[in-house]
Amino acid sequence: MFHDASGLVTVGVYELKGGSPQSIWTEAKVRVPDPDMIVIGGGATGTNWPEGAYLTASYPDWDKKAWVVSSKDHINRNEHILTAYAIGLKIRGISAYDLANMVKISPSSNVYGQYPSAEIGVGSNDYALVGGGFRIDWQGWGNMATASYPNPQSGYNSWVASSKDHLHVSPASITSYAIGLPRWLPQIGRSLQARTTTAASFESNKPGVDIDVEDGFALTGGGGLVERHNGAGNLIWKMAPRIHPNPGFDVASKEHNQPDTATIRAYALGIRIV
């Protein structure tokens, strides 16, 4: 467990590893076990070895008590254990029931294509973006994540999700999810502030980077963006919260079956009560 500077916000990160290795994981869920908490964020880790298995979903469940993740190998069989993470949140003075009703989860319209990208905002300046996610609905060879992140061009108040097919034509649909909390909390008569930190990796065929949440803020979510590539592209296999040595978010991607270097950018989102 960790807290914001006010001591009113408590966050926990929960991990669930899948059982027997599989080539494809579909909608694995990790639930927040604390009844006083709701889910506010999460993530997943596939694998970068030996061939790679990549993320195809990472989004909040409808009941706001679980995080849902999916992954798949591609072309080359790579059975793997998918690790799912959920970030649980509680705020002193606000019940879990009231907090769940306050959290706004906004899905975008589905966008279809070989390289689909969808964006959705929290819908009101009265809300702050505190996290987000994505879901790819794919068939055939499949489509895999290349981005799920808060858009700085919107003032970090909208969430972008993107994906791509790879070496085989395979269009798919993608949905982006924005998670928002009110900037004013009437139950405790205090304001909520949200903050995003970011860092980029060096260029590599297997880039990875991590970023701490800002001091005094409690981690609520995170994301990643493959920023630059030179050929077929990089695919994301890791977008995961961490608590050691400091709360933050880790992301990683890799080339697949065709050499290609890229950079990847990590985002960590946090909140504090003032």
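Where a number appears in this text, it was derived from the coordinates with a stated rule and is not lab data. What you are looking at is a predicted structure, and each value in this text was computed from that prediction instead of being measured. All Cβ positions, glycine included, derive from the backbone under ideal geometry; neighbour counts span all protein chains shown.
Quick notes
- Phi-derived couplings, Karplus 6.51 cos²θ - 1.76 cosθ + 1.60 at θ = phi - 60°, listed residue by residue for region 255-269: 5, 8, 6, 8, x, 6, 8, 7, 10, 10, 10, 9, 10, 10, 10 Hz, with x used for Gly and Pro.
- Rounded to the nearest Hz, the phi-derived 3J(HN,Hα) couplings of region 52-57 under the Karplus curve 6.51 cos²θ - 1.76 cosθ + 1.60 (θ = phi - 60°) are x, 9, 10, 7, 10, 6, where x marks glycine and proline.
- Kirkwood radius for region 93-221, taken over all pairs of different Cα atoms as the inverse mean of 1/r, rounds to 16.3 Å.
- Taken about its Cα centre, region 33-89 carries a charge dipole of about 120 debye when Lys and Arg each add +1 at the Cβ and Asp and Glu each add -1 at the Cβ.
- Under a 5 Å amide H cut-off, with hydrogens placed 1.01 Å from N, residue 183 pairs with 127, 128 among residues at least 5 apart or on other chains.
- Long-range Cα-Cα pairs in region 186-274 (distance over 16 Å), rounded percent: 55
- Close amide H pairs (under 5 Å, H built 1.01 Å from N) link residue 42 with 87, 222, residues at least 5 positions away or on another chain.
- Our note on the geometry: Cα centres of region 191-212 and region 17-56, 20 Å apart.
- Extents of region 1-68, largest first, come to 45, 24, 19 Å (Cα atoms, principal axes, whole angstrom).
- When the charge dipole of the chain is built from unit charges on Cβ atoms (+1 for Lys and Arg, -1 for Asp and Glu) and taken about the Cα centre, the candidate among 97, 155, 171 whose Cα reaches farthest toward its positive end is 97.
- Cα lying deepest toward the dipole's positive end in the chain, options 191, 57, 112, charges on Cβ: 191
- In this Cβ point-charge picture (+1 for Lys and Arg, -1 for Asp and Glu), the chain has a dipole of about 340 debye about its Cα centre.
- Residue-wise HN-Hα coupling along region 103-116, computed from phi with Karplus coefficients 6.51, -1.76, 1.60 (Hz; x: Gly, Pro): 5, 10, 10, 10, x, 7, 5, 5, 10, 10, x, 6, 10, x
- Amide H contacts under 5 Å for residue 163, placed H, 5+ residues apart: 146
- Largest first, the extents of the alpha carbon coordinates of region 146-217 on the three principal axes equal 54, 30, 19 Å.
- Computed magnitude of the charge dipole of region 17-161 (debye, nearest 20; Cβ of K, R +1, Cβ of D, E -1): 180
- Both radii were evaluated on the Cα set of the chain; the Rg over Rh quotient, with Rh as the Kirkwood radius, amounts to 0.96.
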